[in-house]
1. Gain in length, residue 6 to residue 121, computed as 0.36 nm per residue apart minus the alpha-carbon separation, to one decimal in nm?
2. By the gyration tensor of its Cα atoms, with a ≥ b ≥ c the square roots of the eigenvalues, what is the shape of region 81-154: rounded for a/c under 1.5, prolate for a/b over b/c, or oblate?
3. Just want the ordering: 93, 33, from fewest to most Cβ atoms lying within 10 Å of their own Cβ.
4. Under 14 Å from the 7 Å Cα→Cβ point of residue 156, by amide nitrogen: which residues of region 108-128?
5. With a ≥ b ≥ c the root eigenvalues of the C-alpha gyration tensor of region 5-47, is it rounded (a/c under 1.5), prolate (a/b larger than b/c) or oblate?
Amino acid sequence: MQLTEEQKTKVAEWIANGMRLSEIQERLGAEFDVRMTYMEARMLVDDLKLLPQDPVEPVVIKPAEEVAPEVVAEAPLAEHVPGTPGPVSVSSDTLARPGSIASGKVNFSDGQQVAWFLDQMGQMRMVPPTPGYKPPQEDMEQVNQLMEREFQRLGF
């Protein structure tokens, strides 16, 4: 199907304005009484050496969650000194360790950091910093709660 130079110019304008191929196809029919299939419209744009632009989706930046005042008061003011009581915390890696669904670190109250990972069978595993390391038993209930929250946050 041959278009006039005026029609080709219009198609180029529409592409520049971000119209999709289906919209161009409809507009050609409405304004110029030129009927074509979607594939014909696609070949036309290709023949004219035009490149339809994907619509740009706006980026929505969510505000950071506010931390409750009582949590801020409990936060340590200085870095934890190994061997002294400290906060128990759980974090996730941005990129899961190879062979796992998710991974991260657990900081115990004795200052030791243990790597954790969720394997492909859904089993959680912990890798101690040194062979034979046993975390403080009193930390385990808090670690379980924090891990459960982390798994929910990750969508598991």
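Readers should treat all values here as calculations from the given coordinates under stated rules, not as data from a laboratory. All of these numbers come straight from a predicted model, not from anything done at the bench. When we count neighbours, we look across all protein chains shown, and the Cβ atoms used for this are built from the backbone with ideal geometry, even at glycine.
1. Taking residue 6 through residue 121 to full extension adds about 35.2 nm, to one decimal.
2. Numbers: a/c = 1.97, a/b = 1.55, b/c = 1.27.
Prolate, since a/c reaches 1.5 and a/b exceeds b/c.
3. Numbers: 93 14, 33 7.
With the sparsest Cβ surroundings first, the list reads 33, 93.
4. 115-127
5. On the way: a/c = 1.26, a/b = 1.09, b/c = 1.16.
Rounded.
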